[in-house]
């Protein structure tokens, strides 16, 4: 087997591996479906099920779960992707804290782009400070599909809401009691006679007045802000990153093969 033939085989294998990995990366879950809810809620509010960079989608289905002691669903409305309406084919309350949604375009239609697949109206039934996750359940087959009914891989993300606002929730949050420390007495406790004598002396009155002024002038202790519990979407590797990496690998293999031809 001569050197040229070996170089040709190496080049072919490298290109095939790079192409296969690049296609696998392109077919990986590059579509994100996420619950988009306000951080703080009251009365009634809207939640959208956002979707990014989907291609040739015809429909989909999922279960949305939440805390029924905090939230209740009033209505589910159609979505919109790049000015194309996404009709809600069916939505149904499965049990407390769970609704099922199925959305679908006509059999021959599909849509590409970003937007939202559904809009849900919630009503708050909990008290100030209550929190609830709003998430897409994995107990039911959550999926997006194209016109051939093939599944479109996707990443699914939930969200959290808190009843009230930042100020009211901070007031409602109980402050832990400070830890008490006790020091051993270095001298016997003063008697009633001693206390009366010290209180009636001019020096005691002057010290008391000065202590009161110091207390009034002392700045109020800063109350630490309650950290937000709302989570954002996680950073993931994109298809472009995969394709770039393995394109470089293929290019290096090609250069190496050219050196063997000499």
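State yes or no: is residue 46 exposed (fewer than 14 other Cβ atoms within 10 Å of the Cβ) and at pLDDT 95 or above?
No; evaluated as a whole, the condition is false for this residue.
Quick check on my filter: what residues within the range 94-111 are within 24 Å of the chain's Cα centre (by Cα) and at negative phi?
Scanning the range 94-111 gives 96, 98, 99, 100, 101, 102, 103.
What strands (runs of 3 or more DSSP E) lie completely within the range 119-221 and have 1 or more residues being modelled with pLDDT of 95 or more, assigned by TED's automatic domain parsing to the domain that holds residue 51 and in contact with a helix residue (DSSP H, G or I) (Cβ under 8 Å, 6 or more places away or on another chain)? Can you show your working first?
On the way: elements: 131-136, 143-145, 154-157, 159-163.
The qualifying strands (runs of 3 or more DSSP E) are 159-163.
Scan the range 89-99 for residues that are surrounded by fewer than 17 Cβ atoms within 10 Å (Cβ to Cβ) and in contact (Cβ under 8 Å) with a residue 12 or more places away in the chain and report the count.
Count: 5.
The values are calculated or read from the model by the stated rules, or taken from the named source; none is laboratory data. Predicted, not measured: the structure shown is a model, and the values here were computed from it. Cβ: placed from backbone, ideal geometry, glycine included. Neighbour counts: every protein chain shown.
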